[in-house]
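Asker: Mind having a look at this structure? Questions to follow.
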Amino acid sequence: ADRAPSRQVPEILAETPADVIVTLGDLELHQIRSLEMVDLPKLGVYGNHCSGMYMDELGIQNMHMKTVTINGVTFGGFEGCVRYKQSSAPMYTQEEASSLLATFPHVDVMLTHCPPFGVNDDHHDIFHTGFIGLRDYVEREKPAFLFHGHTYPAPGSEVDRLGDTKIMYIFGERVVEI
């Protein structure tokens, strides 16, 4: 999320094998082109600075408002951030996000660009406010994990749990064992 990997993805995977690759947005095609060389399931959501054009080319399944099960783990996703301007990039009002997520089914791992409201966000900064509807979703459905990018919490201040859900803030690359 939000920054190119520090090395080519196949190099990272040579050190730490994985079962699935996820992307959380605000990436450009040239930053993650090495995903073409990876023969693993790839899932992702777009961020508010994405062109919306790289997933198909890299074989990434767009998870916005979708679910998929891989090796017994169900993933779901929600793209974008809170709307702060008119743009073709994925942005939603709080009301739109709440409406979309009101009936989203339970997943084990929720992939998002923007965090839930009050979790690693800055509710005084419209650009980095979390989604209220996403917080409601997590409190209602209790996914085991939620992965997000978008915000920049101060080191050591990251919220890593919302009720029963483990929150994983991702900036750049991170290997996570589920």
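The values are calculated or read from the model by the stated rules, or taken from the named source; none is laboratory data. Just so we're clear, the structure is a prediction, and the values are computed from it rather than from any experiment. All Cβ positions, glycine included, derive from the backbone under ideal geometry; neighbour counts span all protein chains shown. Ligands, DNA and RNA are stripped out before the accessible areas are found, and what is left, the full protein with its side chains, is counted by its heavy atoms. Shrake-Rupley method; radii C 1.70, N 1.55, O 1.52, S 1.80 Å.
Asker: Starting from region 120-142, take each residue that is of a type in the set (Ser, Thr, Tyr) and list its partners that are not in a helix (DSSP H, G or I), counting only C-beta distances under 7 angstrom and pairs at least six apart or across chains.
Answerer: Thr129/Val82; Thr129/Phe117; Thr129/Asp121; Thr129/Asp122; Thr129/His123; Tyr137/Phe104
Asker: Which pairs have Cβ atoms under 7 Å, sit 6 or more apart or on different chains, and link a residue in region 151-171 that is farther than 14 Å from Glu139 by Cβ and touching a residue at least 40 places away in the same chain (Cβ under 8 Å) to one that is open to solvent by 60 Å² or more (accessible area, probe 1.4 Å) and part of a loop (DSSP other than H, G, I, E, B)?
Answerer: Taking only residues 6 or more apart or on different chains, the pairs are Tyr169/Glu158; Phe171/Arg3.
Asker: Just to verify a result, which residue in region 156-178, among those that are over 25 Å from Ala102 (Cα atoms) and touching a helix residue (DSSP H, G or I) at 6+ places or on another chain (Cβ under 8 Å), is most open to solvent (accessible area, probe 1.4 Å)?
Answerer: Val175
Asker: Inside region 8-41, can you point out the residues that are open to solvent by 20 Å² or more (accessible area, probe 1.4 Å), outside any helix (DSSP H, G or I) and in contact (Cβ under 8 Å) with a residue 12 or more places away in the chain?
Answerer: Within region 8-41, Gln8, Thr16, Ala18, Asp19, Val20, Ile21, Val22, Asp26, Glu28, Leu40, Pro41 meet the criteria.
Asker: Which residues, counting only those in region 159-177, are within 23 Å of Val20 (Cβ to Cβ), touching a strand residue (DSSP E or B) at 6+ places or on another chain (Cβ under 9 Å) and not basic (Lys, Arg)?
Answerer: Asp160, Leu162, Thr165, Ile167, Met168, Tyr169, Ile170, Val176
Asker: With the requirement that a residue be of a type outside the set (Ser, Thr, Tyr), free of Cβ contacts under 8 Å to residues at least 40 places away in the same chain and open to solvent by 40 Å² or more (accessible area, probe 1.4 Å), what does region 95-117 give you?
Answerer: Those that are of a type outside the set (Ser, Thr, Tyr), free of Cβ contacts under 8 Å to residues at least 40 places away in the same chain and open to solvent by 40 Å² or more (accessible area, probe 1.4 Å): Glu95, Glu96, Leu100, Ala102, Pro105, His106, Phe117.
Asker: Run down Gly59, Gly77, Gly44 and say which single residue is closer than 16 Å to Ile21 by Cβ and in contact with a Ser or Thr (Cβ under 6 Å, 6 or more places away or on another chain).
Answerer: Selected residue: Gly44, the only one of Gly59, Gly77, Gly44 that is closer than 16 Å to Ile21 by Cβ and in contact with a Ser or Thr (Cβ under 6 Å, 6 or more places away or on another chain).
Asker: Run Asp121 past the list (1) assigned to a loop (DSSP other than H, G, I, E, B); (2) over 17 Å from Gly77 (Cβ atoms); (3) open to solvent by 70 Å² or more (accessible area, probe 1.4 Å); (4) not aromatic (Phe, Trp, Tyr) and report the number of the one that doesn't hold.
Answerer: Of everything listed in (1) assigned to a loop (DSSP other than H, G, I, E, B); (2) over 17 Å from Gly77 (Cβ atoms); (3) open to solvent by 70 Å² or more (accessible area, probe 1.4 Å); (4) not aromatic (Phe, Trp, Tyr), Asp121 misses just condition (3).
Asker: Of all residues being in contact with a Phe, Trp or Tyr (Cβ under 9 Å, 6 or more places away or on another chain) and farther than 17 Å from Gly25 by Cβ in region 137-150, which is surrounded by the most Cβ atoms within 10 Å (Cβ to Cβ)? Just the residue, please.
Answerer: Taking the candidates together, the pick is Tyr137.
Asker: Further question: In the set Pro90, Pro153, which member is open to solvent by less than 70 Å² (accessible area, probe 1.4 Å) and in contact with a His (Cβ under 8 Å, 6 or more places away or on another chain)?
Answerer: Sole residue among the options that is open to solvent by less than 70 Å² (accessible area, probe 1.4 Å) and in contact with a His (Cβ under 8 Å, 6 or more places away or on another chain): Pro90.
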